[in-house]
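Chemist: One structure coming up, written as structure tokens, with questions to follow.
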Amino acid sequence: MLYQRLDYKARSRLIHFFLLQITWDVVLSQLHYIIPEESKHGTFVGRIAQDLGLDIGEINSRMLHIVSRDEKEYFQVIVDKPVQMYRVDVEIEDINDNSPVFPSSVNRLVISEMKPAGSRFPLMVAADPDLGTNSITNYELSASEYFTLDFQKYINQIKSLELVLKKNLDREKQSVHNLTLTAYDGGKPRLSGTTHIIVNVEDFNDNAPVFDQPFYQCSVNENAVEGTLVFKLNATDLDEGRNGEIIYEFSNMVSKVAKEGFILDKFTGEIRVKGKLDFESVKMYEIQVEAIDHGDLQLVGHCKVLVTVVDVNDNPPEMTVTSLSVPVPENSPQGTTVAIISVHDKDSGSNGKVHCYIIEPSPFKVNPAFMSDFSLTVNGPLDREVKDEYEVTITARDEGLPSFSTSKTLKIDISDTNDNAPRFIQPVDTVFIKENNPPGSHIYTASAFDPDIGQNSFITYSIRERTIEGIPLSSYISINPENGKVFALVSFDHEQISYFQCHIKATDAGLQALSSNLTLNIFIEDINDNAPTFTPLHSELTIKAPKSAEPGHLITKVKAVDLDSGYNAWTFYKLKDFGGSGKSPFTIAHQTGEITLKRSFTDSDSDEYRLHVVAQDHGEPVMTAEAQIVVSVVESGEELKFDNQETKVTGDEFSDENIYLVVAICIISSIFLITLIVFTVLRWQKYRDEVNELKENYRICSNTGGSWMYSQHTQYNISSNSVRPKSDLIVFTPNNSQTLGNEEQVNPQGVMSNSYYKILAE
């Protein structure tokens, strides 16, 4: 039996122990067992007694036990005397439980780019504590076009490892190579270990300096001062360190004259002016330059520089404006000539060739005309309302090196044309007028703006004529043509007209007049100017109530009508208590006007009650109406008798007298209706005549005075057979300059669809 766990790496391959019997110190026989490493405690090893041929009973009596050479006891057997010794070998079998391990995770090598192909570089091998096939059996190197791996096996073991160079390295192409080396063992499963090999390629001076081009051309003015930069050379060396450091020098082939005129900075490669240059003496210099590196074996690069001496341009152009046509109308078409400009340059060749242009953005353009003449023309749309003046700077520049230029600024004014119609702030507006307004009150001011100037911006206002239920709009409102103020000519009554619409026209005074329209929605707001009115119209109403009526019994119902609208017409009913006792048996519904019995009648109650009903609206100020209802309390039999008698009398009377009364009423009503129709027709005809006379008077006044005024006024008494007479209204003369042929009819009760306005339902 295994007493402790076995570890092949901690113990030798064979464990020897002896079975002792206390008789002779002689090895009688030998046993050999095999057990894998990592076996757990209690693992079966072998049957010693059976393998030695010992009797089981004898073993127990002789106390068989184990003696081991090691200090740890891995096996346990029970022994006894007499002493006999048997040798037993236990072989620990290795398993593949260890991966190959390199001494370092990274291995760095430095190899010169001059090393020839086939060069070898030793590498450190990996270690694996396992034995046999479980130890390292192979190495592999990651793919590389420059390196391969070589190793030799000795007695199935790899003792040396080398990195072999397959072809020459080039630091300028690749300065660092990253490789991965992997070691594999032969166990099952197969285990591996890796290390990274970093190869840094060491530079060698194998590249000469190279200019970015072998031939350069440049120029310099003949009046260039000392130190003027002529040209900057640039050479590069693919090597690094000192092998890549460059200095610049003139070649021995450079002439003495060139060395006197130019100097070369050996570190920056800049060629600068050293002495005075003269175009008339030397027009071109040919300079050979060398670039030398600092390697142990210096390498040299070559280039040639041709320096052309340029003649000096020392005369600026001269500019003269021979014609200028200002101001320029804003509606001038493209191509309109504004000015003629003459330019002259005393230099010759390119130095005397001149171009004219405008630098800043402008709606004008300079065009070549004849020889040295140029024309300034309109090149884009002009808008005086955006910009009414331009300062155009014209520049004349020659083609010399360096070029000279002359500039002249022209001030160009833009004149106005009538290209903008008057504009209202918004095309639709709303006015709210409280009824019973004083005639002639100011209700609105129409305001339009015209961005033009002078006569083109002078605005007059007018109202487009139309009719409202057959009455001209000019009878209701008028407008001041100069300032756009709108006045109410009448005192409006919400109960007669609640809404109407007018169109205000703004027209400028340009030769081709332009105009725009404003739609004005006028709402007449209701005020609480009508008190509630009870129906029926007689002052007293007598109601009989049975004395036996129960609480909640309906006595009667009153109804009051208010000609106002909205809250002003919302009627509230209450009973007026004169005595202040509060013991009345009646109550009234505040909203419906129903008078009901609050409690049953008692013997102490009166036989007759005079109820004062108050109808009150919700307007400001509050207006009320009062009606008196007489309630007679009767016994049930008396009420029935009284009703029958009243019915009988009524029936009898109606059969004789009331027939004549009804006929008379019908005749009188017919005569009154005919009279009313005739009166209305005559009154309307008279009204139309007066309106026409007012229009004619206004035309005469407006044509002679030239401004709006209250020339005359006519008073009208307006009344209706359905409502009480209204106050006198002052109707001012209309100010329309002309009467439209087709007058429009307006429904004052129409509902507007415009989203700007909201009409409250009554």
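Chemist: Restricting attention to segment 601-635, which residues are without any contact (Cβ under 8 Å) to a residue 60 or more places away in the chain, out of contact with any Ser or Thr (no Cβ under 6 Å at 6 or more places or on another chain) and hydrophobic (A, V, I, L, M, F, W, C)?
Modeler: Of everything in segment 601-635, those that are without any contact (Cβ under 8 Å) to a residue 60 or more places away in the chain, out of contact with any Ser or Thr (no Cβ under 6 Å at 6 or more places or on another chain) and hydrophobic (A, V, I, L, M, F, W, C) turn out to be F601, L611.
Chemist: How many residues does segment 469-492 hold that are among the β-branched types (V, I, T) and surrounded by fewer than 20 Cβ atoms within 10 Å (Cβ to Cβ)?
Modeler: 1
Chemist: Counting only residues that are out of contact with any helix residue (DSSP H, G or I) (no Cβ under 8 Å at 6 or more places or on another chain) and under 16 Å from D170 (Cβ atoms), which one in segment 223-240 is least open to solvent (accessible area, probe 1.4 Å)?
Modeler: So, considering only residues that are out of contact with any helix residue (DSSP H, G or I) (no Cβ under 8 Å at 6 or more places or on another chain) and under 16 Å from D170 (Cβ atoms), the one least open to solvent (accessible area, probe 1.4 Å) is D239.
Chemist: Follow-up question, since we're still on this one. Collect the residues in segment 356-367 that are touching a residue at least 24 places away in the same chain (Cβ under 8 Å), over 17 Å from I340 (Cβ atoms) and open to solvent by 30 Å² or more (accessible area, probe 1.4 Å), keeping them in residue-number order.
Modeler: If the condition is that a residue be touching a residue at least 24 places away in the same chain (Cβ under 8 Å), over 17 Å from I340 (Cβ atoms) and open to solvent by 30 Å² or more (accessible area, probe 1.4 Å), then I359, E360, S362 are the ones that fit.
Chemist: Hey, among the residues in segment 432-468 that are crowded, with 16+ Cβ neighbours inside 10 Å and hydrophobic (A, V, I, L, M, F, W, C), which one's nearest to N568 (Cα to Cα)?
Modeler: That would be I433.
Chemist: Assess whether I543 counts as being in a loop (DSSP other than H, G, I, E, B), touching a residue at least 24 places away in the same chain (Cβ under 8 Å) and either aliphatic (A, V, I, L, M) or under 30 Å from I425 (Cβ atoms) (or both).
Modeler: No.
Chemist: Do any residues in segment 493-515 that are open to solvent by 20 Å² or more (accessible area, probe 1.4 Å) have Cβ atoms under 7 Å from those of residues that are acidic (D, E), where the two are at least six apart or on different chains, and which pairs are they?
Modeler: Note: pairs meeting the criteria are H494/E435; H494/E525; H494/D526; L514/D508.
Chemist: Please enumerate the residues belonging to segment 316-345 that are open to solvent by 70 Å² or more (accessible area, probe 1.4 Å), part of a strand (DSSP E or B) and touching a Pro at 6+ places or on another chain (Cβ under 9 Å).
Modeler: H344
Chemist: Right, something else. Quick one: is I246 touching a Pro at 6+ places or on another chain (Cβ under 9 Å) and open to solvent by less than 90 Å² (accessible area, probe 1.4 Å)?
Modeler: Yes.
Chemist: Sticking with this one: Taking S548, is it among the hydroxyl-bearing types (S, T, Y) and assigned to a strand (DSSP E or B)?
Modeler: No; evaluated as a whole, the condition is false for this residue.
Condition check ((1) surrounded by fewer than 17 Cβ atoms within 10 Å (Cβ to Cβ); (2) part of a loop (DSSP other than H, G, I, E, B)) across all residues:
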site	(1), (2)
N530	no, yes
I555	no, no
Q591	yes, yes
H612	yes, no
P621	yes, yes
A627	no, no
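Chemist: Enumerate the strands (runs of 3 or more DSSP E) found wholly within segment 104-172, keeping only those where 1 or more residues are touching a residue at least 60 places away in the same chain (Cβ under 8 Å) and of a type in the set (S, T, N, Q).
Modeler: 106-112
The values are calculated or read from the model by the stated rules, or taken from the named source; none is laboratory data. Source: prediction; values computed, not measured. Cβ sites come from the backbone with ideal geometry, for glycine too, and all protein chains shown count toward neighbours. We work out accessible area using only protein heavy atoms, side chains counted, and drop any ligands, DNA or RNA first. Shrake-Rupley method; radii C 1.70, N 1.55, O 1.52, S 1.80 Å.
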